[in-house]
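Remarks on the structure that follows.
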Amino acid sequence: MSDTPKLAPEALSTALIHHPYQAPGGFEAPQQPVHKASTVLFPDVAAVRSRRWLDKSSYTYGLHGTPTSFVLEERLCALEGARQCLLVPSGLSALSTVSLALLSAGDEVLLPDNAYGPNKDFAQVELARWGIGHQFYDPMSVDDLRSKIGPQTRLVWLEAAGSVTMEFPDLLAQVRLCKERGVVCALDNTWGAGLAFSPFDLLRDGGSLGVDVSVHALTKYPSGGGDVLMGSITTCAQALHMGIKLCHMRLGLGVGANDVELVLRSLPSIALRYHAQDKTARTLAQALQRQSAVVQVLHPALPGSPGHAHWQQVCGAAQDGLGAAAGIFSFVLDARFDQDTVDAFCNRLQWLRLGYSWGGHMSLVMPYDLDEMRHHGRGAVAAGRLVRLCIGLEDAADLERDLAQAYEAVFGEDWV
Ligand SMILES: *Cc1c(COP(=O)(O)O)cnc(C)c1O
C-alpha cells in the first residue's frame with residue numbers, strides 16, 4: 001500500500017525520480033543482487049572528499065566497483081588462491097592489461113611459442129609500436145627461457161598447458177628461474193582454471209613457490225555457457241596489484257553487472273563441470289589414441305603426451321590422485337590426409353560443433369594450421385594435420401559415436 005498522495009501531472013517527472021519509498025532491508029536470497037551504476041550517490045561533499053575507491057572500502061563511481069563486482073572479485077580470489085582481483089571485459093584484455101601495466105619503452109617481454117595466439121599478436125603489433133621488444137621461447141626448454149632472459153626482460157608469460165598443442169611445460173623450473181632472475185612471471189591460467197593446480201602455491205605447501213600474476217579467461221569455465229566474455233587478473237603482492245589496478249583504471253576497463261551476475265551464477269558448479277568435462281575428454285582422447293588414422297593425441301594427462309611428467313608433478317595430486325585437466329585436447333591425423341579431408345571430418349560431426357572458445361556446455365571442434373602459428377617449429381608434435389576438441393557436458397558415449405561416424409565416413413577406416 002502506498003501513502004503517496006495523487007500528484008499533479010507537472011509534479012510527476014520529479015516524483016518518479018525522487019520517489020520517497022525505500023524497500024525494507026533484510027532481503028536475502030541465494031543469488032547475489034545485481035547492482036548497476038555509472039553514478040554512485042554521496043550523502044554530502046565530505047563523503048565525496050573522503051571516500052577511497054583504491055582500497056575498495058567504499059563506492060565512488062561504477063567503473064571503480066560495485067557490490068556485485070566486489071563479490072565476484074573475492075570469489076575469484078578464493079578460486080585462484082589470490083589476494084586481489086581485477087575484472088576486465090575479456091580474457092584477452094586481461095593479458096593486454098598486464099603487459100601494458102608492467103612494460104615500458106625499452107623493456108622486453110618473453111612469451112612461450114605455444115601462447116594463446118592473440119597474446120603473441122599483441123606483443124608483435126601493439127607492444128612493438130610502444131618500443132617494447134619481445135621474444136618467443138620454447139615452452140619445453142627451460143634452457144631456452146634462461147638464455148633469453150636479459151637485462152631488458154621485465155615480464156615472462158607462462159601458459160600451462162599451452163594453447164592448441166597442449167604441451168605442459170616444466171612450470172616449477174620456469175617460475176623458479178623467473179624468481180632467481182627477479183623477473184615478474186604472469187601465467188595465463190585459463191586451462192588450470194584454479195582447479196587443476198594452485199598458481200600461487202605450486203608446491204601445495206602454503207605458497208613457497210608461485211607465479212606473480214594469474215590471468216583467467218572467465219569466458220571459459222567460470223562462465224560455462226559460451227555466452228559471456230570476461231577476464232580476471234589476480235595477484236598476491238599488493239604493490240604489483242596497485243600498479244596493474246591504476247593502469248586498469250586509466251584504461252577505463254569495466255564489466256557489465258549482468259555479465260558479472262551470470263559468472264556468479266555459474267561459479268558454484270565450476271568444479272563439477274570442470275571435472276566432468278575432464279573425464280569425458282580423457283575417455284575420448286584415449287579412444288582417439290586407438291585409431292589408426294590418428295598419429296598423436298595431445299593431452300597432458302595422457303602418458304607420452306608432451307610434458308606429461310610436468311603435468312603429473314603440478315596437477316597429479318588433484319582429484320584424489322587422478323590428477324586434473326581441462327576438457328580440451330588436440331589430435332594429429334596421419335599426414336596422408338590432406339586439409340580438405342580433415343575439414344570434411346570436422347564438417348561431418350554432428351554434436352561437436354565448429355566454433356572457437358571452450359569451457360561451455362557444448363562440445364566444439366576446430367582444425368588448426370600449426371605451421372602458421374609457431375616460430376620454433378612443431379616441437380614434439382608429429383607431422384600431420386591438427387584438430388582440437390573442446391569437450392562440453394554431452395553424454396560421453398554420444399560424443400564417441402559422433403566421432404566414430406565421421407571418422408569412418410571420411411577416413412574410410414573402422415573405429416575401434
Ligand atoms: C580464450 C582464451 C583467452 C582469451 O579469452 P577471451 O575472453 O576470449 O578474450 C586467453 N587465453 C587462453 C588460454 C584462452 O583459451
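Bear in mind that the values in this text are calculations on the coordinates, not laboratory data. Quick caveat, the model's predicted, so the values are computed rather than measured. We place every Cβ from the backbone using ideal geometry, glycine too, and count neighbours over all the protein chains shown.
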Projected label distance in nm at Ala237 and Arg348, using a 7 Å step from Cα toward the beta-carbon: 5.3 nm
Fluctuation leader among Ser147, Ser232, Ser93 - the chain, Gaussian network, Cα springs under 10 angstrom: Ser147
Span-rule helices in the chain, defined as complete DSSP H runs reaching 27 Å or more along the axis (Cα) with Kyte mean at least -0.5: 270-289
Chain lengthening between Ser147 and His376 when straightened (0.36 nm per residue, less Cα-Cα): 80.9 nm
In region 273-311, the trypsin sites (Lys or Arg not before Pro) that fall in loop regions by DSSP, at most 15 other Cβ within 10 Å: Arg290
Euclidean distance between Cα centres, region 37-113 to region 252-283, Å: 20 Å
Where labels lie 7 Å past Cα in the beta-carbon direction, separation of Arg290 and Arg204 in nm: 3.1 nm
Other-chain or far-sequence residues with amide H under 5 Å of Val184's (modelled H): Val156
Protection proxy ranking of 82-92, 178-188 - average other beta-carbon atoms within 10 Å, highest first: 82-92, 178-188
Neighbour-count ranking [beta-carbon atoms within 10 angstrom, fewest first] of Leu218, Leu76: Leu76, Leu218
DSSP-defined beta bridges in region 53-268 - what % are antiparallel, rounded to 5: 40 percent
Gain on full stretching of the segment that runs from Glu180 to Lys279 - 0.36 nm per residue minus C-alpha separation: 31.9 nm
Order of Glu167, Glu394, Glu28, Glu73 - criterion: other Cβ atoms within 10 Å of each residue's Cβ, fewest first: Glu28, Glu394, Glu73, Glu167
Sequence-separation-based contact order of the chain, relative, with Cα cut under 8 Å and 6+ spacing, percent: 15 percent
Per-peptide average of other Cβ atoms within 10 Å, ordering 16-25, 293-302, 369-378 highest first: 293-302, 369-378, 16-25
Residue order, fewest to most surrounding Cβ atoms within 10 angstrom, among Trp130, Trp157, Trp415: Trp130, Trp415, Trp157
Net lengthening on full extension, Gln312/Phe42 (0.36 nm per residue, minus Cα-Cα): 91.9 nm
Whether region 147-235 is rounded, prolate or oblate, judged on the alpha carbon gyration tensor where a/c under 1.5 counts as rounded: prolate
Anisotropy class of region 269-411 from Cα gyration tensor, a/c 1.5 cut: oblate
Region 209-272 shape via C-alpha gyration tensor axes, a/c threshold 1.5: oblate
The chain: most fluctuating residue of Gly131, Gly192, Gly316 per GNM, C-alpha cutoff 10 Å: Gly131
Per-residue [θ]222 nm for the chain (sum of -39500 (n - 2.57) over DSSP H runs n ≥ 4, rounded to 500): -10000 deg cm²/dmol
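Give the calculated FRET efficiency between Phe337 and Asp398 to the nearest 0.05, with a Förster radius of 30 Å applied to their Cβ-Cβ distance. Walk me through the numbers on the way to the answer.
On the way: r = 25 Å, r/R0 = 0.82.
Given R0 = 30 Å and the Cβ-Cβ separation, E is 0.75.
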Met249/Val125 FRET efficiency (R0 25 Å; Cβ-Cβ; nearest 0.05): 0.55
